Amino acid sequence: MKEILKKHTKILMAWTFAWVVSTAILSVGVNYLWDNLLITKIVLLINLAIGVGMIIANKNLFNHYDELQKKIHFEAMALTLGLTVVVGLVYEISFDFGVIDSEPEFEYLMFFICFSYITSIIINSLRYR
């Protein structure tokens with residue numbers, strides 16, 4: 001069973017790496033490598049397809065988790081979703097009401113989501129040890 005988890009984890013890592021690289025290429029390419037809407041649309045579709053592949057790889061990995069691993073991840077996802085909605089809304093409203101000067105950036109929210117999820121997994125893993 002461990003070998004199957006390792007295999008699916010490596011597959012997910014490969015898809016995630018490919019998605020990050022395709023996102024970087026898209027971000028850099030639009031500004032520096034090409035000035036063509038058709039190329040941008042094609043690269044967007046490629047990025048979307050790789051993203052779907054990453055989601056499927058993640059689902060396949062979850063299908064091989066035992067019940068405790070599923071519980072740890074589902075609780076982490078629930079907490080991350082709740083935190084993201086609450087913090088994201090406060091972040092946006094803070095700008096709208098002049099509490100912060102800079103317009104909210106999605107990248108910061110993505111960083112917060114990653115941090116929340118990883119922290120939740122670590123805490124849940126220690127809690128259910």
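None of the figures in this text is laboratory data; all of them are computed from the coordinates on show. Since this is a predicted model, take the numbers as computed values, not measurements. Neighbour counts run over all protein chains shown; Cβ positions are idealised from the backbone, glycine included.
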For the pair Ile118 and Leu89, the simple spin-label estimate (label points 7 Å beyond Cα toward Cβ) gives in nm 2.8 nm
Which log10 I(q)/I(0) values does the chain give at q = 0.19 Å⁻¹ under the Debye formula, counting every alpha carbon as one identical point scatterer? -1.16
Taking every pair of alpha-carbon atoms in segment 1-64, give the share separated by more than 16 Å as a whole percent. 51 percent
Those lysines that a straight Cα-Cα span of less than 20 Å connects to Lys2, excepting residues fewer than 8 apart in one chain: Lys10, Lys59, Lys70, Lys71
How high is the relative contact order of segment 1-64? Use alpha-carbon pairs under 8 Å, at least six apart in sequence, and give a whole percent. 57 percent
